[in-house]
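Throughout, read-outs are computed from the coordinates displayed, never taken from laboratory work. No experiment lies behind these values; they were computed from the predicted model shown. Backbone-built Cβ (ideal geometry, glycine too); neighbour counts: all protein chains shown.
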Amino acid sequence: MSFELPKLQYAYDALEPVIDARTMEIHHTKHHGAYTTNLNAAIQGTELEGQSIEELMAGISKASVAVRNNGGGYYNHCLFWEVMTPGGAKAPKGELEKAINDSFGSFDKFKEAFTKAAATRFGSGWAWLVKQGDSLVVSSTPNQDNPLMDVAEVQGTPILGLDVWEHAYYLNYQNRRPDYISSFYDVINWDEVAKRFKG
């Protein structure tokens with residue numbers, strides 16, 4: 001089984017002005033496309049071939065650097081595209097809202113924690129909202145690591161992720177990562193995040 005680059009559920013310009021069309025196109029076709037191609041090449045002919053992406057992540061400590069980097073890049077971006085939508089809801093509802101309030105004290109406190117995780121990740125990486133049992137935590141990872149990996153400092157099921165590699169925002173925001181992070185809240189697909197929370 002080989003992995004395939006997923007099609008987006010919206011046009012490249014659909015998230016403007018938060019993320020511009022050119023960035024989306026390059027990010028999806030070139031960056032995510034390369035992770036997909038390189039992951040398939042890295043697992044071809046090995047015992048890892050045929051595993052799901054989640055299985056690969058769970059045993060990443062036994063895999064090569066190429067599988068870790070490209071497998072993480074593949075999984076992370078698949079999640080990233082799905083947790084965004086044009087004109088996203090401003091806040092979660094229902095069970096997810098309750099879990100956020102229980103875990104962080106309020107939605108605003110969650111945003112503070114998530115924003116800090118994204119803003120203070122040195123160099124390239126990701127910020128995450130992670131499900132651990134019935135509770136939620138915020139974390140960040142370097143490079144293309146994620147909380148599914150058995151090497152992650154904070155492990156669990158990622159239900160929201162923000163790419164803070166410069167290629168995700170540089171054309172529009174240059175070095176203004178805080179502006180990019182702040183704008184991200186306007187396109188979060190909280191319905192998708194809630195589905196991931198329910199499992």
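Pick from G87, G72, G133 the residue whose mean-square fluctuation is largest in a GNM of the chain, springs joining Cα atoms under 10 Å.
Top of the fluctuation ranking is G133.
Which of T37, T46, T120 ends up with the largest GNM mean-square fluctuation for the chain, with Cα atoms connected below 10 Å?
In the Gaussian network model the winner is T46.
Hey, which of these cross-link pairs are over 22 Å Cα-Cα: K30/K111; K93/K131; K111/K195; K98/K198; K116/K195; K111/K131?
K30/K111; K116/K195
Whole Å is fine, so just give me how far the alpha carbon centre of region 87-112 lies from that of region 9-78.
28
Hey, quick one: spin label on E47, modelled 7 Å out along Cα-Cβ, who in region 62-98 has an amide N within reach, i.e. under 14 Å?
Of the residues in region 62-98, 62-64 have backbone N under 14 Å from the label point off E47.
State the label only: which of (i) 55, 41, 22; (ii) 53, 38, 30; (iii) 48, 38, 30 corresponds to Cα extents along the principal axes in Å computed from the shown model?
Recomputing Cα extents along the principal axes in Å here picks out (iii).
List every DSSP H helix in the chain whose Cα atoms extend 20 Å or more along the helix's own long axis and whose mean Kyte-Doolittle hydropathy is at least -1.0.
Answer set is 65-82.
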